[in-house]
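Shown next, in structure tokens, is the structure this report addresses.
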Amino acid sequence: MKTQMVALGVAVLGLGGLAFAVFLDPKWGSTNLLVGAFFFITLAAGGLVLLALNTVAKAGWHIVLKRVFENYAALLPVGALLILLTLVNLLSGENSIYEWARPGVMEHDHLLHEKVAYLNPLFYVIRMVVVLVLWWLFALRLRSLSQAQDKDGKVSRTDQSVRWSTGFLVCFALTFSMASFDWIMGLEAHWFSTVFGMYNIAGLLSSSVAAIVLTCILLNKTGWFPEFRIPHVHDLAKLLFAFCTFWAYLWFCQFMLIWYGNLPEETIYFLRRWHGGWQPLFYLNFALNWVLPFFLLLPRPLKRNPNYVAVIALVVLLGRWLDIYLMVTPINFSSPPMGWVELSAVLGFAGLFVFLLQRKFQKVPLIAKKDPYLQESLNLH
């Protein structure tokens, strides 16, 4: 309860500071709102993606963690509300962080004018709402099947979950790629990358595993989650290692192809991030998201050390926030505007996430007691 109240206090102070920043400097405040909202909703959606992936694979090891995945997914409505708040900036005229949404830009820019059928506020809002509703409907269905199984113990619930999870994964791959194009790549509407959607899926996977392993370790240390044992830490650490490497592979693919092609409309993306103080953050991003996790998680004994893995998970979460910050901010600022607004956003969204997640854990039992794979997960070695 004490942690929950502290988290709520941090959330109120941080989000209050961010709201003041939006009023004081709409572009600066709205930029951080988008960074935080995107980070928040990717963690929530990541829980649902991990649940669906393991369900489709019929993986028994994850059942002990199933409720943690589901509680992350239960935060999707809040994440959706935060993303919807960014529409206020989109429709704010000259203060919009989206260049294409500013008055008169489309008429005087030939390239953007050719994209007007896609890049217009009405269609943008429709796409956003449809995507968010689809994710939430899948989350509701999968959570309801899981909770129904706790009551009746029917094995058929698992088979139904496999079918729904399969549909969700196909839907999510398409809709999240489109959302990444709209919400993030749309900030630089002249620039394009065919890898961008998958790149953000990789970031979602690594950061979600990092957040979940950190959550499980903390729950275990406070006595809430005794079923979570070293073999589960080990498996999550292996997933974290793999997804960080997957992220690095896509990062390099995007960077190398743009560098090798050397086309002005593509290279501008990286040129912005190599000047005006951005370069140290550019290299730090790669170090936090891959170099450190990769080399520090190589030894097997270290992947079985909860305290050590928790520190690496924090590093990856910091790296993911920086990754999103670097995708969003340089388009409107010539140098990193690191200050109290960024700090307010980080503390506000982190506090809100922790507060809401704790409330979810208090409402639903942490173990899916009638899942047919539960004993396999409990006896994991």
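The values are calculated or read from the model by the stated rules, or taken from the named source; none is laboratory data. Just so it is clear, the structure is predicted and the values come from calculations on it, not from any experiment. Positions of Cβ are generated from backbone atoms using ideal geometry, with glycine treated the same way; all protein chains shown enter the neighbour counts. Keep in mind that these areas ignore ligands, DNA and RNA; they rest on the heavy atoms of the full protein, side chains included. Shrake-Rupley method; radii C 1.70, N 1.55, O 1.52, S 1.80 Å.
Please verify whether Asn71 is assigned to a helix (DSSP H, G or I), touching a His at 6+ places or on another chain (Cβ under 6 Å) and either without any contact (Cβ under 8 Å) to a residue 24 or more places away in the chain or under 24 Å from Trp136 (Cβ atoms) (or both), treating the condition exactly as stated.
Here the answer is no, as Asn71 does not meet what is asked.
Looking at the stretch 269-304, which of its residues are open to solvent by 60 Å² or more (accessible area, probe 1.4 Å) and out of contact with any helix residue (DSSP H, G or I) (no Cβ under 7 Å at 6 or more places or on another chain)?
Leu271, Arg272, His275, Gln279, Pro280, Tyr283, Phe295, Leu298, Arg300, Pro301
Would you pick out the residues in the stretch 26-46 that are without any contact (Cβ under 8 Å) to a residue 40 or more places away in the chain and over 30 Å from Leu169 (Cβ atoms)?
none
Name the pairs: first residue in the stretch 47-65 and under 9 Å from Val162 (Cα atoms), second residue open to solvent by 10 Å² or more (accessible area, probe 1.4 Å) and among the β-branched types (Val, Ile, Thr), Cβ to Cβ under 9 Å, at least 6 apart or on different chains?
Final answer for the pair search is Ala52/Thr166; Thr55/Thr158; Thr55/Val162; Thr55/Thr166; Val56/Val162; Val56/Thr166; Lys58/Thr158; Lys58/Val162.
Table: residues versus (1) in a helix (DSSP H, G or I); (2) over 16 Å from Trp321 (Cβ atoms); (3) touching a Pro at 6+ places or on another chain (Cβ under 8 Å).
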position: Ser193; (1), (2), (3): no, yes, no
position: Met198; (1), (2), (3): yes, yes, no
position: Ala202; (1), (2), (3): yes, no, no
position: Ala210; (1), (2), (3): yes, no, no
position: Val213; (1), (2), (3): yes, yes, no
position: Ile217; (1), (2), (3): yes, yes, yes
position: Gly223; (1), (2), (3): no, yes, no
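Going through the stretch 178-236 one residue at a time, which ones are hydroxyl-bearing (Ser, Thr, Tyr) and touching a Ser or Thr at 6+ places or on another chain (Cβ under 6 Å)?
Once the filter is applied, which keeps residues that are hydroxyl-bearing (Ser, Thr, Tyr) and touching a Ser or Thr at 6+ places or on another chain (Cβ under 6 Å), the stretch 178-236 yields nothing.
Search the stretch 74-98 for residues being modelled with pLDDT of 90 or more and more than 17 Å from Ala19 (Cα to Cα), and hand back the single one that is surrounded by the fewest Cβ atoms within 10 Å (Cβ to Cβ).
Here the residue is Pro77.
Among (1) open to solvent by less than 30 Å² (accessible area, probe 1.4 Å); (2) in contact with a helix residue (DSSP H, G or I) (Cβ under 6 Å, 6 or more places away or on another chain), which single condition is Phe243 missing?
The failed condition is (1).
Would you mind stating whether Tyr269 is free of Cβ contacts under 8 Å to residues at least 24 places away in the same chain and of a type in the set (Ser, Thr, Tyr)?
In short, no.
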